[in-house]
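**Q** The structure is given below, and queries will be raised subsequently.
The values are calculated or read from the model by the stated rules, or taken from the named source; none is laboratory data. Since this is a predicted model, take the numbers as computed values, not measurements. Because the Cβ atoms are built from the backbone with ideal geometry, glycine has one as well, and the counts that use them run over all protein chains shown.
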Amino acid sequence: MSKVIAVANQKGGVGKTTSVMNLGAGLASAGKKVLLVDLDPQASLTLSLGYREPDKLEASVADIISRVVNDEDIPEGLGIIHVSDNMDLLPSNIQLSAVEVSMVNAMSRELVLRYYIEQAREKYDFILIDCMPSLGILTVNALASADSVLVPVQAAYLPVKGLQQLIKTIYTVKRRLNSRLSIEGILFTMVDRRTLYAKEIIEEVNEAYGKSIPVFSTEIPISVRASETSMVAKNIYDYDPKGKAASAYSALTQEVLKHGC
Ligand SMILES: Nc1ncnc2c1ncn2[C@@H]1O[C@H](COP(=O)(O)OP(=O)(O)OP(=O)(O)O)[C@@H](O)[C@H]1O
Ligand SMILES: [Mg+2]
């Protein structure tokens, strides 16, 4: 059994990419076979994993999408980079922007990525999709391909309004395109428990959504070491194994494993 988790929030800079990278590394070190899909033309995940010139890669997720759109065969393993034990990456680059435009007129344009992911499921236990900060066609494709959505929320601004829009989109996709879609959980990131503000937001979100929408009991603390991981191209367990962010991501990994497939 495989599980496909889309990591999405249309708000930028909330910790989507950092969470994909570190949850992915946590699952891989727990012995799970993991594929990370970079579905953002900014290519932050690709860059963070150390592939510093994404535009020079031989193939990327853009090639996969354009082959599906044009109904062409996809050669085995096209674009896949083996990053480390148990962990592969389907990288991205700026070509994805052009491909996104070309999807607008494609047949079943919301289901293009799903066609690929359904085949990739056979090879992996977990597929994590790093979405871009928008609710456009690429993110809808990710939601249509996924079993669940993990929603990182930065506990430093009033997130409720943005979350309503995201949750509405998730339910629309569930109704029209992908009935198995569920919410894996809201994940608070960059939490500074010393500030009353963070606590208030967490309470507010718990009140508004906690009963119907799961909230991870793990919170990711604000951590300078975590913010440095993309620069040094290391996951948090290698970069700062004893730090609070590493133990939080490890607890998150356990929660996700406990949810099962
Ligand atoms: N726990 C943390 N503590 C401090 N800084 C963090 C933490 N997690 C991530 N950051 C930093 O915050 C910034 C945004 O994180 P990240 O790139 O993961 O967010 P994102 O939601 O993927 O952004 P985008 O919407 O642009 O794709 C980055 O500079 C990252 O290094
Ligand atoms: Mg990102």
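**Q** Looking at the stretch 234-248, can you tell me whether even one residue there is assigned to a loop (DSSP other than H, G, I, E, B), among the aromatic types (Phe, Trp, Tyr) and away from ligand 1 (no atom under 12 Å from the Cβ)?
**A** For the stretch 234-248, residues assigned to a loop (DSSP other than H, G, I, E, B), among the aromatic types (Phe, Trp, Tyr) and away from ligand 1 (no atom under 12 Å from the Cβ): absent.
To keep it simple, each residue is scored yes or no on (1) under 13 Å from Leu163 (Cβ atoms); (2) surrounded by 18 or more Cβ atoms within 10 Å (Cβ to Cβ); (3) not polar (S, T, N, Q).
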| residue | (1), (2), (3) |
| --- | --- |
| Thr189 | no, yes, no |
| Thr195 | no, no, no |
| Glu203 | no, no, yes |
| Asn206 | yes, no, no |
| Tyr209 | yes, yes, yes |
| Glu219 | no, yes, yes |
| Ile222 | no, yes, yes |
| Glu228 | no, no, yes |
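**Q** If you don't mind, there's one more thing I want to ask. From Val153, Val140, Val101, grab the single residue that is outside any loop (DSSP other than H, G, I, E, B), free of Cβ contacts under 8 Å to residues at least 40 places away in the same chain and surrounded by 21 or more Cβ atoms within 10 Å (Cβ to Cβ). Give the derivation first.
**A** On the way: Val153 fails: free of Cβ contacts under 8 Å to residues at least 40 places away in the same chain; Val101 fails: surrounded by 21 or more Cβ atoms within 10 Å (Cβ to Cβ).
Exactly one of Val153, Val140, Val101 is outside any loop (DSSP other than H, G, I, E, B), free of Cβ contacts under 8 Å to residues at least 40 places away in the same chain and surrounded by 21 or more Cβ atoms within 10 Å (Cβ to Cβ), namely Val140.
**Q** Select from the stretch 182-220 the residues that are touching a strand residue (DSSP E or B) at 6+ places or on another chain (Cβ under 7 Å), among the polar types (S, T, N, Q), away from ligand 1 (no atom under 16 Å from the Cβ) and modelled with pLDDT of 75 or more and list them in ascending order.
**A** The one that is touching a strand residue (DSSP E or B) at 6+ places or on another chain (Cβ under 7 Å), among the polar types (S, T, N, Q), away from ligand 1 (no atom under 16 Å from the Cβ) and modelled with pLDDT of 75 or more: Ser182.
**Q** For the stretch 160-181, indicate whether the set of residues that are within 15 Å of ligand 1 (Cβ to nearest atom), more than 29 Å from Thr46 (Cβ to Cβ) and assigned to a loop (DSSP other than H, G, I, E, B) is non-empty.
**A** No.
**Q** Which residue is farthest from Gln165 (Cα to Cα), if the candidates are limited to the stretch 6-18 and must be crowded, with 24+ Cβ neighbours inside 10 Å and more than 9 Å from ligand 2 (Cβ to nearest atom)?
**A** Here the answer is Ala6.
**Q** Out of the residues in the stretch 32-63 that are surrounded by fewer than 20 Cβ atoms within 10 Å (Cβ to Cβ), part of a loop (DSSP other than H, G, I, E, B) and of a type in the set (D, E, K, R), which is nearest to ligand 1 (Cβ to nearest atom)?
**A** Arg52
**Q** Being part of a helix (DSSP H, G or I), small (Gly, Ala, Ser) and in contact with a strand residue (DSSP E or B) (Cβ under 8 Å, 6 or more places away or on another chain) is the filter; apply it to the stretch 1-31 and report the residue that is farthest from Leu89 (Cα to Cα).
**A** We begin by selecting, within the stretch 1-31, every residue part of a helix (DSSP H, G or I); these are 16-29.
Now drop any that are not small (Gly, Ala, Ser), which leaves 19, 24-26, 28-29.
Remaining after also requiring in contact with a strand residue (DSSP E or B) (Cβ under 8 Å, 6 or more places away or on another chain): 19, 24-25, 28.
On the way: Ser19: 15, Gly24: 10, Ala25: 11, Ala28: 12 Å.
Checking each candidate, the answer is Ser19.
**Q** Does the stretch 144-163 contain any residue that is charged (D, E, K, R), under 25 Å from Ile183 (Cβ atoms) and modelled with pLDDT under 95? Give the derivation first.
**A** Initial filter on the stretch 144-163 (charged (D, E, K, R)): 147, 161.
In the following step, the residues that additionally are under 25 Å from Ile183 (Cβ atoms) were identified as 147, 161.
From the residues that got through so far, the ones that are modelled with pLDDT under 95 too are 161.
Yes - at least one qualifying residue is present in the stretch 144-163.
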